[in-house]
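Nothing in this text is a laboratory measurement; each read-out follows from the coordinates by a stated rule. From a predicted model like this one, the values you see are computed outputs, not experimental measurements. Methodologically, a virtual Cβ is constructed for each residue, glycine included, from the backbone with ideal geometry; neighbour enumeration extends over all protein chains shown.
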Amino acid sequence: MVNSTFFGMRTISAHLKSHPSNLKHSNVKVALSLGGDSVGSGSAYFNPSSVDSWVSNAVSSLTHIIEQYGLDGIDIDYEHFKSDPETFAECIGKLITTLKQNGVISFASIAPFDDDQVQGHYLALWKSYGHVIDYVNFQFYAYDQGTTVSQFMNYFQTQSSNYNGGKVLASFSTDGSGGLSPENGFFTACGTLRSQQQLHGIFVWSADDSMSKGFRYEKQSQTLLASNHSIFTF
């Protein structure tokens with residue numbers, strides 16, 4: 001993507017054509033994730049030339065993609081920045097606001113993790129536009145491998161305080177990269193959060209790794225959440 005014109009549309013189109021929206025279950029919502037860690041062999045940077053041009057291009061490109069494929073929302077996952085936090089906040093906040101006002105999306109989420117630069121940008125966004133963000137898909141699996149239940153609970157409370165008033169989701173990875181794993185007590189921690197009425201949903205990374213395991217932990221998450229909360233798999 002260059003200044004929010006999504007030149008990856010051919011790749012996006014090919015993927016979506018192999019997963020047509022008419023196969024969606026009535027209870028499933030599909031989001032398009034923006035950003036990510038890398039493009040090819042390099043980092044994917046958020047680097048707009050101006051707020052107005054970035055928002056205009058992003059609204060146009062995303063509206064086309066979302067309406068063409070019947071998607072429901074967007075997830076903001078920028079992890080590298082060549083802009084200041086205030087510019088990021090204005091670009092993303094105005095994008096989400098405009099797409100919602102135009103009826104293009106029904107929800108928006110953000111996916112920060114515990115890194116000083118990343119948090120600086122996302123907390124600036126939250127401060128100004130938290131009211132238009134539906135979920136905080138916090139990447140708790142970016143913490144050290146071998147995270148304990150008590151450490152996870154402390155991390156969760158810290159981030160819930162940072163994103164005060166937001167629906168912060170518990171998260172784990174199925175690629176063994178880090179954080180509190182299902183084998184080491186993730187669902188025990190979720191049970192505690194549920195008893196405290198703080199379990200707003202579960203965010204799982206990643207679908208590619210989960211597929212080889214038959215989506216075992218996604219199914220366990222669904223059982224835990226029943227029909228009252230959300231599960232996100234990326």
Inset, instruction - May I ask you to derive the FRET efficiency for T192 and S53 from their Cβ-Cβ distance with R0 = 35 Å, giving the value to the nearest 0.05? - result: 0.15
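Can you tell me which of 143-149, 67-73 comes out highest on packing, and rank the rest after it, using the mean Cβ neighbours within 10 Å?
On the way: 143-149: 14.0, 67-73: 15.7.
For the peptides 143-149, 67-73, the packing ranking is 67-73, 143-149.
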Inset, instruction - Any chance you could run the full-extension gain for S206 through S43? It's 0.36 nm times the residue separation minus the Cα-Cα distance, nm to one decimal. - result: 56.8 nm
Legend entry - Selected from T98, G165, L224, residue furthest toward positive end of dipole (the chain; charges at beta carbon): L224
Inset, instruction - Quickly work out the L224-to-Q117 label distance, labels modelled 7 Å from Cα along the C-beta direction, and quote it in nm with one decimal. - result: 3.2
Legend entry - Within segment 139-234: Cβ-based charge dipole about Cα centre, in debye rounded to nearest 20 (Lys, Arg +1; Asp, Glu -1): 320
Legend entry - Modelled FRET efficiency - R0 35 Å, K82 with F215, Cβ distances, 0.05 increments: 0.45
Inset, instruction - Taking only Cα atoms and a 10 Å spring cutoff, compute GNM fluctuations for the chain and point out the largest among V136, V51, V204. - result: V51
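Might you report the magnitude of the Cβ-based charge dipole of segment 20-128 about its Cα centre, with Lys and Arg at +1 and Asp and Glu at -1, to the nearest 20 debye?
Values: 6 positive and 13 negative charges, 94 e Å.
In debye, rounded to 20, segment 20-128 gives about 460.
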Inset, instruction - Would you work out the relative contact order for the chain, in percent, from Cα pairs under 8 angstrom that are 6 or more residues apart? - result: 14
Inset, instruction - Could you list the square roots of 5 times each eigenvalue of the Cα gyration tensor of segment 139-234, that is, the equivalent ellipsoid semi-axes, sorted largest first and rounded to whole Å? - result: 19, 16, 12
Inset, instruction - On a C-alpha basis, how far is the centre of segment 51-65 from the centre of segment 69-126 in Å? Whole number, if you could? - result: 13
Inset, instruction - May I ask which residue of A142, Q196, F152 lies farthest towards the positive end of the charge dipole of segment 129-234, with charges of +1 (Lys, Arg) and -1 (Asp, Glu) on Cβ and the Cα centre as origin? - result: Q196
Legend entry - Over the chain - Rg/Rh using Cα atoms and the Kirkwood inverse-distance radius: 0.95
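To the nearest 20 debye, what is the magnitude of the charge dipole of the chain about its Cα centre, counting +1 on the Cβ of each Lys and Arg and -1 on the Cβ of each Asp and Glu? Numbers along the way, then the final one.
Details: 13 positive and 20 negative charges, 153 e Å.
That gives the chain a dipole magnitude of about 740 debye.
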Inset, instruction - Using 0.36 nm per residue of separation minus the Cα-Cα distance, give me the extension gain between Y143 and H64 in nm, one decimal. - result: 24.8 nm
Inset, instruction - Please give the calculated 222 nm ellipticity per residue for the chain, where each DSSP H segment of at least 4 residues contributes -39500 (n - 2.57) and the sum is spread over every residue; nearest 500 deg cm²/dmol? - result: -13000 deg cm²/dmol
Inset, instruction - Report the residue, chosen from N102, N47, N162, that carries the largest GNM mean-square fluctuation when the chain is represented by alpha-carbon nodes joined by springs under 10 Å. - result: N102
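What net charge do the residues around Y135 carry, taking every other residue with its C-beta under 9 Å from that of Y135, with Lys and Arg at +1 and Asp and Glu at -1? Can you show the working numbers first?
On the way: positive: K167; negative: D75, D134.
So the environment of Y135 carries a net charge of -1.
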Inset, instruction - Just need the relative contact order of segment 109-220 here, percent rounded to a whole number, with Cα pairs under 8 Å and 6+ apart. - result: 25
Inset, instruction - Find the lysine pairs in the chain meeting two conditions, Cα atoms under 22 Å apart and a separation of 8 or more places or different chains, and report how many there are. - result: 15
Legend entry - Gained length - T97 relative to D175, 0.36 nm times residue gap less alpha-carbon distance: 24.7 nm
